[in-house]
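Read the structure below first, then the notes.
The values are calculated or read from the model by the stated rules, or taken from the named source; none is laboratory data. This structure is a prediction, so every number in the text was calculated from the model and none was measured. Note that each Cβ is placed from the backbone with ideal geometry, even for glycine, and that neighbours are counted across all protein chains shown. Quick note on the areas: whole protein, heavy atoms, side chains included, nothing else; ligands and nucleic acids left out. Shrake-Rupley method; radii C 1.70, N 1.55, O 1.52, S 1.80 Å.
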Amino acid sequence: MLEKLIKAIYREVNLIDFIEYMKLPSLASFRFFEAAAQTGSFVKAAESLHVTHGAVSRQVRLLEDALGVELFERRNRAIFLNAAGRSLHEVTHSVFEQLEGAVYRLQHTAQNEVLTLSCEPTIAMKWLIPRLPAFHEANPDINLHLVAAGGPIDFARSGVDLALRRDDFHWEPDIFAEKVCDEWVGPVSRVKKNINDNFEGECLLHAGTRPNAWPTWEKLSNIPTKGSCRVEYEHFYLCIQAAVSGLGVSMASFLMVQDELESGQLHAPYGFLLDGSAYYLLSPEPLDMNNKCACFESWLKKEMAACLKS
């Protein structure tokens with residue numbers, strides 16, 4: 001039943017009509033599920049939606065009952081998306097991103113002053129957001145609207161002006177791409193380590209969103225990771241946070257841990273290496289054809305260049 005639901009949602013242009021036609025749970029139920037899936041917690045979902053923890057739990061349970069399948073594994077007061085939940089989340093995340101973009105555009109008539117940027121979650125949280133005050137100060141006439149998302153993007157449907165992505169996927173030839181900077185990666189941990197100890201007895205943190213991060217670094221550095229144990233996290237930013245908490249050694253992008261390195265929260269005993277990938281600004285038209293996009297591109301390149309020189 002879930003597979004049919006997902007296929008139908010992909011086919012339909014109007015989600016509201018689809019839900020009404022199928023007499024599925026209200027859009028609110030899917031919104032509660034999306035918040036819980038995005039945060040990995042009923043409590044955090046409740047905080048983001050300004051409702052009670054019980055309300056989130058009830059809505060998710062109602063959705064599961066209506067679909068006839070459980071969407072989360074519940075263990076020791078923690079929740080984890082199961083296979084069905086992950087499949088549905090892929091759809092709801094895209095749908096609500098499109099709805100959010102559409103509503104935002106409708107509510108803001110000064111379109112020329114609004115720049116909608118889609119950015120990969122980890123770099124948005126760990127690098128971009130802390131530096132946005134500098135962008136607003138330099139460009140007070142541009143209202144930047146940030147959407148956290150990764151991978152392929154449909155500019156026509158999402159209403160996004162720019163997308164900041166790493167080139168770990170294929171984009172269509174009609175999308176304009178401007179390289180921003182190369183990617184530098186290296187292992188980080190809370191505890192300072194002797195580089196001669198390698199990783200014997202260490203817990204290495206692996207991210208589902210970057211499954212090749214450790215193998216790529218090991219090949220480039222010629223440093224073996226034998227004798228280590230492996231712990232899986234779904235997202236790159238969860239690995240970084242786990243490393244900050246002292247749960248192990250995480251592979252990290254220099255851009256995403258620069259602040260933690262400067263504050264002493266993390267240490268990088270082996271430094272950072274170019275891994276062959278890079279960050280790009282994607283857009284549906286050349287950047288120089290849109291003044292607000294060109295302004296952001298110029299600012300972004302300068303900020304990233306300054307960070308990489310530090």
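One table, with the values for the structure above:
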item: Matching residues, segment 50-100, being without any contact (Cβ under 8 Å) to a residue 60 or more places away in the chain, more than 24 Å from Glu232 (Cβ to Cβ) and open to solvent by less than 30 Å² (accessible area, probe 1.4 Å); result: Gly54, Ala55, Val56, Leu63, Glu64
item: Filter result for Thr52 (at pLDDT 85 or above, of a type outside the set (D, E, K, R) and in contact with an Asp or Glu (Cβ under 7 Å, 6 or more places away or on another chain)); result: no
item: Hits in segment 155-208 - residues which are closer than 17 Å to Met256 by Cβ, small (Gly, Ala, Ser) and outside any loop (DSSP other than H, G, I, E, B); result: Gly186, Ser189, Ala207
item: Test set (1) of a type in the set (Gly, Ala, Ser); (2) over 21 Å from the mean Cα position of the chain (by Cα); (3) at pLDDT below 90 - Ala268 fails condition number; result: (3)
item: Enumeration of residues in segment 208-250 that are open to solvent by less than 70 Å² (accessible area, probe 1.4 Å) and either at positive phi or polar (S, T, N, Q) (or both); result: Thr209, Thr216, Ser221, Thr225, Gly227, Ser228, Ser245, Gly246, Gly248, Ser250
item: First in segment 124-151 and touching a residue at least 12 places away in the same chain (Cβ under 8 Å) and within 27 Å of Glu34 (Cα to Cα), second anywhere and surrounded by fewer than 18 Cβ atoms within 10 Å (Cβ to Cβ) and of a type in the set (Phe, Trp, Tyr), Cβ under 7 Å, 6 or more apart; result: His145/Tyr104; Gly151/Phe169
item: Every residue from segment 244-254 that is of a type outside the set (S, T, N, Q), farther than 18 Å from Leu274 by Cβ and touching a helix residue (DSSP H, G or I) at 6+ places or on another chain (Cβ under 8 Å); result: Val244, Gly248, Val249
item: Wholly enclosed helices (runs of 4 or more DSSP H) of segment 43-150 bearing at least 1 residues more than 23 Å from the chain's Cα centre (by Cα) and within 29 Å of Gly208 (Cα to Cα); result: 53-67
